[in-house]
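The values are calculated or read from the model by the stated rules, or taken from the named source; none is laboratory data. Model, not experiment: these values are computed from the prediction. Glycine also receives a Cβ, built like all others from the backbone with ideal geometry; neighbour counts cover every protein chain displayed. Areas reflect the complete protein model, heavy atoms only, side chains present, ligands, DNA and RNA absent. Shrake-Rupley method; radii C 1.70, N 1.55, O 1.52, S 1.80 Å.
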Amino acid sequence: MTGAGGMPDPGVPDPGKPDPGMPGTGIPGTGIPGPGMPEAAAMSGTAIRIEGLRKAFGANQVLKGIDLTVSTHEVICLIGASGSGKSTLLRCLNLLEPISAGRISLWGQEITAAGIDQNLVRRSIGIVFQSYNLFPHMNVLRNVTLAPRKALGTPRLQAEEEARALLSRFGLLDKEAEFPDRLSGGQQQRVAIVRALAMRPQIMLLDEVTSALDPELVAEVLDVIRELAAAGMTMLIATHEMGFARDIARRVCFLEEGRIIEDAPPAELFTAPKDERTQRFLRRIIAAGRL
Amino acid sequence: MDGSQPDPPVDPFAGFPAASPAAIGGAWQTPGSFGAAGRGPRLLSGGGRRATVISTTSTLVVLGALVAVFLLAPGSSQVRHTFFNPTDMWQSFVGDPKKGYYSVGEAIWLNIRMFLAAEVLILALALLIALIRQSRSPVLFPFRVLSLIYVDFFRGVPLLLVLLAIGFGVPALRLPFVSTQSAAIYGVATLVLSYSAYVSEVYRAGLNSVHQSQVAAARSLGLSQATALRHVILPQAVRNIIPPLLNDFISLQKDTALVSVLGAIEANEAAQIYSSTVFNYSSYAVAAILFLILTIPLARFTDRLIDRDRRRRLAGAAT
Ligand SMILES: Nc1ncnc2c1ncn2[C@@H]1O[C@H](COP(=O)(O)OP(=O)(O)OP(=O)(O)O)[C@@H](O)[C@H]1O
Ligand SMILES: [Mg+2]
């Protein structure tokens with residue numbers, strides 16, 4: 001990866017207080033050490049700053065003013081009832097949805113400003129969806145190498161070498177020639193994660209990546225996420241797996257009706273939630289046997 | 001908004017459940033559905049010797065009955081003489097300029113050339129129209145309106161009328177170059193204009209058959225709109241529409257015969273000249289056979305493509 005790399009030049013000063021740890025050059029690696037993934041993340045400070053984010057679909061106000069700050073290497077879980085806006089928030093971060101108001105900055109650089117190259121921004125933020133969304137007409141290797149080759153211009157052989165390194169790291173090397181419809185759900189979801197990682201993002205957004213999986217396949221995907229967290233990847237994870245959230249998250253945010261109602265470390269939020277709405281949500285979850 | 005439901009989440013972006021991740025693709029995406037041997041269905045193989053014997057017998061019986069009806073009909077010998085006379089068929093096939101008629105066998109080459117030229121142009125023009133119609137950009141709004149009018153117009157007006165309008169109207173304009181082309185060129189232009197309207201709708205159906213989540217996945221990786229279209233959306237769209245697309249091309253092959261109304265000496269016109277010179281219709285039988293020789297391979301080719309795609313995917317999975 002070259003100098004300007006995955007992020008727009010973060011030269012614009014942060015309108016808020018500047019992050020002390022912000023590096024001068026744009027590019028950290030991915031935070032994942034190991035074959036094919038050289039340098040560990042060199043960035044620090046505030047990774048994501050969301051201010052007054054609003055999103056409406058027509059008359060339907062889905063996000064009603066989200067403020068959230070995520071530090072580099074931090075893992076945050078988003079929980080909340082269906083329809084509370086978790087997916088929408090993640091999609092806004094990846095610029096898949098245009099926002100209605102507010103701003104989002106990565107390491108001090110506003111990405112929701114006019115004139116920002118969205119493709120450039122998306123390279124530094126990987127997103128993985130509940131439904132995997134692998135490309136069904138390509139085998140695993142091509143799924144993983146497509147974006148590095150076509151968006152970064154990595155030569156084919158190099159892209160394949162890097163892809164194989166990632167695949168083997170997550171136990172998928174023997175699957176490189178398979179087409180997605182010949183893989184189990186868990187394998188597909190792991191390939192989807194590898195595909196996102198192949199772009200060497202500095203941030204990963206995971207949207208209920210285990211919700212579509214059979215129970216016995218959930219663990220293998222959660223293990224991959226744990227490995228990413230251990231390697232220092234900055235992650236925002238929407239999940240219904242409360243046990244997993246308690247386990248992996250530094251902070252858990254509870255969303256309701258497009259607002260962050262409570263934002264606390266898991267030990268606090270799950271055992272002594274302050275807000276009455278959080279308590280109600282957790283009671284329902286417990287009643288449903290999901291905690 | 002429904003915040004009070006404790007039941008499992010329903011993600012509005014999720015296209016399909018885990019059980020059927022391949023649901024968007026249609027038939028080409030279900031390898032192995034015809035058995036572990038990885039071969040497509042064969043016309044005559046129902047499985048096993050017994051089935052082969054039965055299918056052969058029934059084929060012979062049906063064919064025999066049809067031939068018998070034809071041969072035993074009261075006017076049979078007359079029909080055979082006027083439509084299937086071997087001497088006339090041969091003569092019209094090879095042609096004889098001295099006696100005033102053309103070779104149907106040679107004339108069919110014009111059909112083939114018109115078909116090939118039209119096919120390539122249709123594939124390109126139709127794709128362009130489909131992409132314009134699918135576009136969202138406000139800048140393209142007038143083009144969207146134009147392409148809508150175009151599609152409505154050319155799907156609504158009979159091909160024959162368009163052919164006459166262009167074949168006789170354009171030369172009448174007496175423009176330089178444009179008005180001095182051959183009948184075959186006007187024929188190809190008409191076929192392209194008319195068929196592109198249909199084929200663009202086929203493309204559009206194909207583009208719509210690719211789930212929106214595929215676009216999101218491609219864009220989320222940082223691929224540009226054009227790259228996503230080229231490598232993710234179009235390949236899936238085209239695979240889904242190969243059968244209807246080739247169906248349209250089989251029609252197109254036949255419709256090249258309509259260009260005869262402009263006087264182009266293609267197979268149909270050559271056959272007609274023969275029949276009005278010699279007063280025997282066997283030349284039409286020759287033309288019909290030649291058209292069948294063209295269209296049947298295309299139909300089989302369609303099957304092959306679908307089959308090959310499935311086999312390749314199976315082979316890839318086996319390693
Ligand atoms: N593309 C869209 N067009 C219109 N409305 C949308 C769209 N996407 C989401 N919504 C609406 O936004 C609201 C929030 O949806 P979102 O998917 O963000 O919720 P969620 O918290 O992810 O729920 P779940 O737990 O079910 O995944 C819902 O009311 C939904 O109907
Ligand atoms: Mg969701």
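Taking 7 Å steps out from each Cα toward its Cβ at residue B:67 and residue B:96 produces label points 3.0 nm apart.
Residue A:67 contributes an accessible area of around 100 Å² to the protein surface, as traced by a 1.4 Å probe with all chains present.
Under the 0.36 nm per residue contour assumption, what length would be gained going from the current alpha-carbon distance of residue B:120 and residue B:299 to full extension?
Numbers: separation 179, 0.36 × 179 = 64.44 nm, distance 1.78 nm.
Between residue B:120 and residue B:299, full extension yields an extra 62.7 nm.
With R₀ fixed at 41 Å, the C-beta to C-beta distance from residue A:71 to residue B:135 puts the FRET efficiency at about 0.50.
Suppose all protein chains stay in the model; what accessible area per residue would a 1.4 Å probe give for the stretch B:91-318, in Å²? All intermediate terms of the calculation are to be shown ahead of the outcome.
Numbers: 10970 Å² over 228 residues.
Counting only protein heavy atoms, the per-residue value for the stretch B:91-318 is 48 Å².
Can you give the mean number of other chain Cβ atoms that lie within 10 Å of the Cβ atoms in peptide A:134-147? Don't skip to the answer; put the middle values down first.
Values: counts 4, 8, 15, 13, 5, 5, 1, 1, 1, 3, 0, 0, 7, 9.
Counting other chains' Cβ atoms within 10 Å and averaging over A:134-147 gives 5.
Rolling a 1.4 Å probe over the protein heavy atoms of the stretch B:156-232, with every protein chain left in place, gives an accessible area that is 68 percent carbon and sulfur.
Is the stretch B:167-292 rounded, prolate or oblate when judged by the Cα gyration tensor, a ≥ b ≥ c being the square roots of its eigenvalues, rounded requiring a/c under 1.5 and prolate requiring a/b larger than b/c? Oblate, since a/c reaches 1.5 and b/c is not below a/b. Note: relative contact order over the stretch B:91-318, using C-alpha pairs below 8 Å and six or more positions apart, is 29 percent. When the square roots of the Cα gyration tensor eigenvalues are ordered a ≥ b ≥ c, the ratio a/c for the stretch B:91-318 is 1.5 or more and a/b does not exceed b/c, which makes its shape oblate.
The A and B chains share an interface that buries close to 3700 Å² of accessible area, total over both sides, probe 1.4 Å.
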